[in-house]
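Notes follow once the structure below has been shown.
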Amino acid sequence: MTIQYRVPSGSGGAAELTVAPLAERFGVRAVGEVGLATRGIWERALEEVVRDGRAVCHLELAAVTFVDVAGAGVLVDAARRLPAGRRIVVHRPPPALCRTLELFWPDLSAIEVAMS
């Protein structure tokens, strides 16, 4: 996987998101915010994860400060497209993402949240 997307901050305080492959395992590391301005980057990164076919994909989100509800929905849609037995492990997500997943999609087994 070779993803390196970036939406630069512009005037008006636009959000920024960088997504790059993890070196130590299959998946991506995201840095910044997932919102209206960066949702396309998030969607492309998750689409590539779904297409890859590996049993487990890791999303390192320790440096993500915010994921809006629509961004959480994109993650959920990606997880729902995974064949049985595959999953996405979300590492150190922002608290708002954890709350959103628990509130709207509490029984979605294809997403595992790891706080460490």
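Quick look at the values:
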| read-out | value |
| --- | --- |
| Condition met for ALA78 (out of contact with any strand residue (DSSP E or B) (no Cβ under 8 Å at 6 or more places or on another chain) and not charged (D, E, K, R)) | no |
| Residue in segment 19-44 that is surrounded by the fewest Cβ atoms within 10 Å (Cβ to Cβ), counting only those that are under 12 Å from the mean Cα position of the chain (by Cα) and part of a loop (DSSP other than H, G, I, E, B) | GLY35 |
| Conditions (1) more than 24 Å from LEU36 (Cβ to Cβ); (2) surrounded by fewer than 20 Cβ atoms within 10 Å (Cβ to Cβ); number of the one not met by CYS57 | (2) |
| Qualifying residue in segment 53-66 (condition: modelled with pLDDT of 95 or more, assigned to a helix (DSSP H, G or I) and among the charged types (D, E, K, R)) | no |
| Selection within segment 97-116 - over 21 Å from ARG25 (Cα atoms), among the aliphatic types (A, V, I, L, M) and crowded, with 17+ Cβ neighbours inside 10 Å | LEU97, LEU101 |
| Within segment 71-96, considering residues that are basic (Lys, Arg) and within 17 Å of ASP52 (Cα to Cα), the one surrounded by the most Cβ atoms within 10 Å (Cβ to Cβ) | ARG86 |
| Search result, residues across segment 75-107 that are small (Gly, Ala, Ser), in contact (Cβ under 8 Å) with a residue 12 or more places away in the chain and under 15 Å from VAL56 (Cβ atoms) | ALA78, ALA79, GLY85 |
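The values are calculated or read from the model by the stated rules, or taken from the named source; none is laboratory data. Note that the structure is a prediction, hence the values are computed from the model and not measured. FYI the Cβ positions are ideal-geometry reconstructions off the backbone, even for glycines, and counts take in every protein chain you see.
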